[in-house]
Amino acid sequence: GTLIVVSHDRAFLDNVVTSTLVLEGGGVVGEYVGGYTDWVRQRKQPNTATEPARATRRGTPSAAPIKTKKRRLSFKETSELAGLPDQIDALEREREVIYASLGESAVLRDGSAVVAAKSRLVALDDEIAALIQRWEDLETIADA
């Protein structure tokens, strides 16, 4: 019988398989006797002198520079970037108010108010961090 096994465990393949099918690229499947180690020993080493010539003959230049178009901010992203500092400032002011309220004895006596304030502080920190990250990302795109 025949069993097709796919594994990342090279030792397992060496101990179990008697034949190896290798997808070599370009639609070519090579068959080699033995396991992984046997395939490594039997495979043809690519000739670096002939590879670029073959690639060029197929119409895919091997060392053609890849031109990347600079990405610009969309109108929506530009508006978002302009508003981010104000949003961050508002959240930071809210955070300062909550910190100040935690210093008041009336709030400290109410356990549920302290828990609510602390959970809001955690949420504010997460929101501020996300907005700062977004601001940095948009600034990076704008500066490019």
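Working from label points 7 Å from Cα in the Cα-to-Cβ sense, the residue 101 to residue 14 distance is 6.6 nm.
First measure r as the distance between the Cβ atoms of residue 3 and residue 28, then evaluate 1/(1 + (r/R0)^6) with R0 = 25 Å and state the FRET efficiency to the nearest 0.05. Once rounded, the FRET efficiency stands at 0.65.
When the residues 3, 108 are ordered by accessible surface, computed with a 1.4 Å probe over the protein chains alone, the sequence from largest down reads 3, 108. Were the residues from residue 74 through residue 109 laid out at 0.36 nm apart, the gain over their Cα-Cα distance would be 7.6 nm.
Ordered by solvent-accessible area of protein heavy atoms (1.4 Å probe), largest first, the residues 37, 20, 2 come out as 2, 37, 20. Charge tally around residue 124: other residues with Cβ under 14 Å, Lys/Arg +1 each, Asp/Glu -1 each, net -3.
The values are calculated or read from the model by the stated rules, or taken from the named source; none is laboratory data. Everything numeric in this text was worked out from a predicted model, so none of it was measured. As a convention, Cβ positions derive from the backbone with ideal geometry for all residues, glycine included, and neighbour counts pool all protein chains shown. SASA here: full protein model, heavy atoms, side chains in, ligands and nucleic acids out. Shrake-Rupley method; radii C 1.70, N 1.55, O 1.52, S 1.80 Å.
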